[in-house]
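The next block holds one structure in the form of structure tokens; read it before the comments.
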Amino acid sequence: MMSLLLAGTVGVLAACGVWLVLRSRTFPVVLGIMLLGYAANLLVLAMGRVSGTRPPVLVGGEGGHADPVPQALVLTAIVIGFGMTAFTAVLAIRARVESGTDHVDGLQDMVADGDDSREGT
Amino acid sequence: MLTLLILLLAPLLGAVGVLIAARWGRGAAALAAGAPALAVLVALVAAAPGILDGEVLRLRAAWVPALGLDMALRLDALGWLFGMLVAGVGLLVVLYAYYYLPASDGLGRFYALLLAFMASMLGIVSSGNLLLLVVFWELTSVSSFFLIAYWARGEVSARIGARTAFAVTGGGGLALLGGVLLLGQAAGGFDLDVVLGAGERIRESPLYLPALTLVLLGAFTKSAQWPFHFWLPAAMAAPTPASAYLHSATMVKAGVFLLARLHPALAGTDAWVIAVGGAGMLTLLFGAYAALWQHDLKGLLAYSTISHLGLITMLLGFGTGTAVMAAVFHIVNHATFKASLFMAAGIVDHEAGTRDMRRLNGLARAMPWTATLAVVAAGAMAGVPLLNGFLSKEMFFAESLEAPGPGGLRWIGPAAALLYGVMSVAYSARFVMVFFNGALMPATAHEPPRFMRVPIELLVALCVIVGTIPSLTVGPALIAATRDALQAPAPYVSLAIWHGFNLPLMMTLVALAGGIVMYRHRERLYRMHDRHVPGFSTTILFARSVKSMERRAARFTATLETGSLSRSTAVLLAVTLAMGALVLATRGGAPVSPVTGPGADAASIVIWALLATAAVAAARWHAHPLRALVAASVVGLFVALAFVRLSAPDLALTQLLVEVVTILVLLLALHHLPQRTPGAEQRHGQRAWQRLVAARDLVLAGGIGAGAAALTWAVLRRPVHGGGPVSELAAYYLRESKPKGGGTNVVNVILVDFRGFDTLGEITVLACAAIGAAVLLERMKPAGDAPERPHAPDAHPPVLAALTRPFLPFALMLSAFLFLRGHDLPGGGFVAGLLAAVALASQYLTSGIEWTTERLRIDARRWLATGVLLAAATGAGALLFDRPFLTSFYDYAHIPAIGAVGAGSTFLFDLGVALAVFGAVLLMLERLGLIGRMRDIGAATPAAEVPADEVAPDVRAVDR
């Protein structure tokens, strides 16, 4: 049951992440990368299975510890994920300053400015 | 041993030294460049007695043992002879270049490239491992590329020449690599001794033919054999000193050196005779013929070089011991006379202003001394008796008469040799005639500086000395080199000038006479050539194929990369999906002995359900950035809770803190992005198009989501590797964490100890991201409506500020606590660094960045750098104790009231992690918060013109 929940959540997160990454504005893409990061982290964690009921901290008794390897991998991945999110957010800001739009391809807004002729490349 | 070290290291270190020495002027640069060449020469001469007696110098160090690649150096007489050429001519070229290159040229770059090339060349001749040889082979391609392109800034031809040379010889190097790999397979090793001793085995191996083909491709491209010759004339755009070096004594000789080197392993089959002998003969004739038509002095020399390389290749193709000796002899001779001719051509160019033979005449009047030298060298090229070229050409004629030939075609060899002889005399005459033939033209020509002639004088002296007393000079070296090339006793060859009035001498006389006749009637020949020989040129063919490849590549790229991020991402994701589906379809199936996981309680179900709902909400609200951000942060918080449910307290802590700073960063970012996203896909304003795009994205999202879920589900239903409750790997870490790492928090021990190198890499990545972000934001003006957007009237409410300030010490103390206990209980460097950053960030929020930094003087960049350096230094510390990088040292220190605290290298390492994370997070937050305010946090002085408390955009104001 737990497995099913975990698998389903990873799926939903991945799907939402993909959907957001494919949007045409920069901010949703940043959020999408974030969600994909969560999905990946949970997926990697799932590789250690969910049978362990105790954290991998060796205090008081043997056995029943969760797999520490994926946890170590995911821990750094969370921090790197932050770096990634922050960097793409900064890129988005910079791109807007340079191109004047937050479209991922630098296309000018047609409706927002009411000016159809400004469509760039 | 020492000899080998000097051989490689002297020019390599010299290349660096020259760059430094060039600061003190051209003279210093020349001295610094000459010294390593001289050192190599002296070392080689000192080693000569032993090597000529059959000693082989060896030096070996394992490099990539798993690939059979050793740093194995091996110098026998063949390598020695080439090494002498490389170092000797190199030394002369250094002197020559000092005068040749314009005074405005600092020479540092030229000499550095020259020495780098010399080192690569010496590497080739002293490699004791075939893979190592390929490495040096490619290095010669690279360094010669830069030498040929030396004047690329001013001359298009230099760029084209360098590119062509690199494409051809580099491509050949690739073929050689393939050939060497097959050869090693066939011989049972890459060590040169092994390969040379396994000739029988190699020739009988089914890999022989492919290996031979590829090796020959490598050798032929390097040694400019037809039809790969065209790079050599194109490379004449190089400065003449480089041409004299690369295209007489070194680069082009690498190919024939390889053929001589691998002679015992590859020669002796019909395939060898036909391929090598045939290619050599074609090149011999083609080069000589083409040389006749050149008007450029260097062009003539280039084609003549091609022809002579053909001669050497043809000799090697004969496969007999005497032919190999003749080939080695001619390699030496050609290097001496061709280098001096190139230098003479350079002097003519330099002092007369042109290399076009149609505009040069009677130069002997203006430069008699240079003319004499050039005439003697050209005589050697033409094979005039008493000069060294005569001797090896005589041997070539003799060999061609002995040569094996198919059936009734034995006359082909001698006929080709004779025809070549005639043509070589004709083009040599043409070269010489620029010094005679009427009045001086141009009138401004004059002798070069005294010492510019010295290299030519030395080389020409060699031509004469070797040509008159061969057995007293090169004799012993030649015999020793032939012996080592054959890996068998050298055959007896009489190195005398006079062998009686025999057939080869007749051929020489006919060639001399015929050549002069041909030169006299050259006009008629030119006309015939124009009428009958079609204008076919491999150069043009090559240029065309390069053009068409470029066009095709551009078209291919344009179809894949349309400039639309969404479309590219969609293609990428679709391919991923297809690959996953393919694997699932072919290798999937029911899980082996499915295991049932633990059941779920109500709390878990709620957490997972809310998590999924929030994610969907974030996706649904993508057009409303703020709403989507709120939903996404809910996702993050629930992920933290999920980590708790999955028994991962460290992850939960980290996730929680990261979530805080992420939301801060994204809120700040949102302030500088449009608050309102126009309807989803505006591209063409067409509803149908929008729907199509949305459908595509939905399919991709659904597919990838389903795939990820299926993958997770499948893994969770499988037992772990090894069958225990946790995997073998996990069991290892759980078992060894305490005894080997000295900590009970296994996750932390893995991070700072077992896999410390990964962690070091990761904080470095984080540092790069932070610095990159900071640089991107440097001096950036805020875009759009961000500056005008309304802000909260009270940016820093006093009550909030007053309440937050006392929390700072507590938060920092908690951070320290989590850090100290991190090795044994949840916590550690990552968590501590994040918490400290959050503590600081809350001060920024409530009191303003200026207010805070003014009082705390925190330079995020310095913390970041300190952290990364500390972690790296801790790792390097292990090296001092002769342990591998990042070996940990551990012990417990008992501190009153806190208890046993791990004191050891991992503690310092984790501290580095904490500082790096703290610095990185803070740096990004600061820079985002300060957009549009020209102020350097590092200076720690608040901007005087901005009243600290009224500074405009702040985080809280963002969501208006």
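The values are calculated or read from the model by the stated rules, or taken from the named source; none is laboratory data. Because the structure is predicted, anything quoted here is derived from the model rather than measured. Cβ sites come from the backbone with ideal geometry, for glycine too, and all protein chains shown count toward neighbours. Keep in mind that these areas ignore ligands, DNA and RNA; they rest on the heavy atoms of the full protein, side chains included. Shrake-Rupley method; radii C 1.70, N 1.55, O 1.52, S 1.80 Å.
Annotations for the structure displayed:
- Of everything in the stretch A:85-99 that is open to solvent by 40 Å² or more (accessible area, probe 1.4 Å) and at the interface with chain B (Cβ under 7 Å from one of its Cβ atoms), the residue that is nearest to the chain's Cα centre (by Cα) is A:87.
- Residue within the stretch B:724-745 that is within 30 Å of residue B:929 (Cα to Cα), touching a residue at least 40 places away in the same chain (Cβ under 8 Å), facing another protein chain (nearest Cβ under 9 Å) and open to solvent by less than 50 Å² (accessible area, probe 1.4 Å) present: no
- Pairs where the first residue, in the stretch B:227-241, is in contact (Cβ under 8 Å) with a residue 12 or more places away in the chain and closer than 15 Å to residue B:145 by Cα and the second is acidic (Asp, Glu) and open to solvent by 20 Å² or more (accessible area, probe 1.4 Å), C-beta under 7 Å, 6+ apart: B:237/B:155; B:240/B:349
- Residue list for the stretch B:268-310, restricted to those being part of a helix (DSSP H, G or I) and among the hydroxyl-bearing types (Ser, Thr, Tyr): B:283, B:289, B:303, B:304, B:305, B:307
- Residue list for the stretch B:598-620, filter: open to solvent by less than 60 Å² (accessible area, probe 1.4 Å) and among the polar types (S, T, N, Q): B:604
- Some residue of the stretch B:337-353 being among the β-branched types (Val, Ile, Thr) and surrounded by fewer than 23 Cβ atoms within 10 Å (Cβ to Cβ): no
- Residues located in the stretch B:324-359, provided they are assigned to a helix (DSSP H, G or I) and basic (Lys, Arg): B:338, B:358, B:359
- Identity of the residue in the stretch B:755-770, open to solvent by 20 Å² or more (accessible area, probe 1.4 Å) and more than 10 Å from every other protein chain (Cβ to nearest Cβ), that ends up modelled with the highest pLDDT: B:764
- Residues located in the stretch B:477-495, provided they are more than 10 Å from residue B:77 (Cβ to Cβ) and within 35 Å of the chain's Cα centre (by Cα): B:486, B:487
- When residue B:813 is tested against (1) open to solvent by less than 40 Å² (accessible area, probe 1.4 Å); (2) away from chain A (no Cβ under 14 Å); (3) of a type outside the set (S, T, N, Q), only condition (1) is not met.
- Filter result for residue B:273 (under 25 Å from residue B:218 (Cα atoms), out of contact with any Ser or Thr (no Cβ under 9 Å at 6 or more places or on another chain) and open to solvent by 20 Å² or more (accessible area, probe 1.4 Å)): yes
- In this entry, residue B:872 is excluded by the filter for residues that are assigned to a helix (DSSP H, G or I), under 21 Å from residue A:82 (Cβ atoms) and either of a type in the set (A, V, I, L, M) or at pLDDT below 85 (or both).
- Checking the stretch B:488-496 against the condition returns no match, with no residue being part of a helix (DSSP H, G or I) and either surrounded by fewer than 18 Cβ atoms within 10 Å (Cβ to Cβ) or out of contact with any Pro (no Cβ under 6 Å at 6 or more places or on another chain) (or both).
- Of note, residue B:667 does not satisfy the criterion of being within 9 Å of chain A (Cβ to nearest Cβ) and either part of a helix (DSSP H, G or I) or surrounded by 23 or more Cβ atoms within 10 Å (Cβ to Cβ) (or both).
- Qualifying helices (runs of 4 or more DSSP H) (wholly inside the stretch B:116-226; at least 1 residues being in the same structural domain as residue B:89 (by TED's automatic domain parsing), in contact with a Lys or Arg (Cβ under 6 Å, 6 or more places away or on another chain) and crowded, with 18+ Cβ neighbours inside 10 Å): B:156-187, B:192-197
- In the stretch B:540-558, the count of residues that are open to solvent by 60 Å² or more (accessible area, probe 1.4 Å) and under 27 Å from residue B:423 (Cβ atoms) is one or more.
- Residues of the stretch B:596-637 classified as assigned to a loop (DSSP other than H, G, I, E, B), under 30 Å from residue B:723 (Cα atoms) and not acidic (Asp, Glu), total: 5
- Picking from residues in the stretch B:227-264 that are of a type in the set (Phe, Trp, Tyr) and outside any helix (DSSP H, G or I), the one that is most open to solvent (accessible area, probe 1.4 Å) is B:228.
- Selection of the stretch A:5-50 for residues being farther than 28 Å from residue B:563 by Cβ, part of a helix (DSSP H, G or I), at the interface with chain B (Cβ under 7 Å from one of its Cβ atoms) and open to solvent by 10 Å² or more (accessible area, probe 1.4 Å) yields A:5, A:8, A:12, A:38, A:43, A:45.
- Selection status of residue B:40, open to solvent by less than 20 Å² (accessible area, probe 1.4 Å), among the hydrophobic types (A, V, I, L, M, F, W, C) and within 19 Å of residue B:93 (Cβ to Cβ): yes
- Residues (at pLDDT 85 or above, of a type in the set (A, V, I, L, M, F, W, C) and open to solvent by less than 30 Å² (accessible area, probe 1.4 Å)) located in the stretch B:888-914: B:909, B:913, B:914
- Checked against the criterion of being assigned to a helix (DSSP H, G or I), within 41 Å of the chain's Cα centre (by Cα), over 17 Å from residue A:71 (Cα atoms) and within 9 Å of chain A (Cβ to nearest Cβ), the candidates B:711, B:751 yield just one match: B:711.
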